[in-house]
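Data block below; observations after.
The values are calculated or read from the model by the stated rules, or taken from the named source; none is laboratory data. Because the structure is a prediction, the values reported are computed rather than measured. Every residue, glycine among them, receives a Cβ derived from its backbone with ideal geometry; neighbour counts consider all protein chains shown. Only protein heavy atoms, including side chains, enter the accessible area calculation; ligands, DNA and RNA are left aside. Shrake-Rupley method; radii C 1.70, N 1.55, O 1.52, S 1.80 Å.
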Amino acid sequence: MAEQTALADVRDGRGGRPDSAVVRDALGVGVAVGLSGFAFGVTSAGSGLTVWQTCALSLLVFTGASQFALVGALAAGGNPLTAAAGAFFLGVRNAFYGLRLSQLLALPRAVRPFAAQWVIDETTAVSLAQRDRRGARIGFAVTGLSLYVLWNLTTLLGALGAEAIGDTDAWGLDAAGPAVFLALLAPMLKTTTERVAAGLAVLLGLGLLPVLPGGVPVLVAALAAPLALWAEGRRVGRARGDAEEERR
């Protein structure tokens, strides 16, 4: 009976955190990550894109890591189509986020096309961290709005200030975006399989970087996930076989 009451409270919005706490956490994520838009603006301008092209990427694409992957591949001399393909496959993860968030947020149909623009790593993480639908909706909205506004503002400032900063490689600003992404991803790697997949992806990406065109190592690194799952499946199969042998 107590468990049923607790579940009912969560559905009704009575078991969640105070709205002020959700807003505080959401703003913290939005501001912290939004500031790295400056690094993207500088890196994008340094790769040869104009200020307007750089700002259009943030306004229309708004996927963080995918944007950095695109301009990074272009800066390395990669083919534009290959660079776009790498960015696309990185952005595909947002579609899977959307499947989960659509059930959690249960937004009206008229709102969903606009909310889809904000389905990214940070809004997903904040929303899933809440204990009720009201908190998830507040977390999603506040994180999305603060991050979108600040990211685009700092992108513009970074693109305009690229000439004054000079060589982005000397400042290491091109690594700011990936570093933020890794910092958000690392706490989510809780199982051995997830850690193995992440480690294998890093090895593939870094190992193939000197021998493949820009953008291609990112695509190859995606093979780490099915490889890790295949190895885990074999391990589980052997364990079950050993257990059956012991019963006999």
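Residue check: A21 meets all listed conditions (1) at pLDDT 80 or above; (2) under 22 Å from the mean Cα position of the chain (by Cα); (3) assigned to a helix (DSSP H, G or I) but one, namely (2). Number of residues in the stretch 121-139 that are farther than 25 Å from V61 by Cβ, among the charged types (D, E, K, R) and either under 19 Å from the mean Cα position of the chain (by Cα) or not in a helix (DSSP H, G or I) (or both) equals 2.
Every listed requirement among (1) buried (at least 16 other Cβ atoms within 10 Å of the Cβ); (2) farther than 21 Å from A26 by Cα; (3) in contact with a Gly (Cβ under 8 Å, 6 or more places away or on another chain) is met by S127 save one, (2). Selection within the stretch 88-124: residues that are of a type outside the set (S, T, N, Q) and touching a residue at least 40 places away in the same chain (Cβ under 8 Å). The member of this set that is most open to solvent (accessible area, probe 1.4 Å) is F89. Within the set A32, A39, A84, the sole residue that is at pLDDT below 90, open to solvent by 20 Å² or more (accessible area, probe 1.4 Å) and over 20 Å from F140 (Cβ atoms) turns out to be A84. Determine whether G41 is touching a helix residue (DSSP H, G or I) at 6+ places or on another chain (Cβ under 9 Å) and outside any helix (DSSP H, G or I). No; evaluated as a whole, the condition is false for this residue.
The residue pairs whose first member lies in the stretch 191-208 and is closer than 9 Å to A225 by Cβ and at pLDDT 85 or above, whose second member is among the small types (G, A, S) and open to solvent by 30 Å² or more (accessible area, probe 1.4 Å), and whose beta carbons are closer than 8 Å, counting only pairs six or more residues apart or on different chains, are A197/A225; A201/A222; A201/A225. Can you say whether V142 is more than 14 Å from the chain's Cα centre (by Cα), surrounded by fewer than 20 Cβ atoms within 10 Å (Cβ to Cβ) and either touching a residue at least 40 places away in the same chain (Cβ under 8 Å) or assigned to a helix (DSSP H, G or I) (or both), as far as the supplied structure shows? No; evaluated as a whole, the condition is false for this residue.
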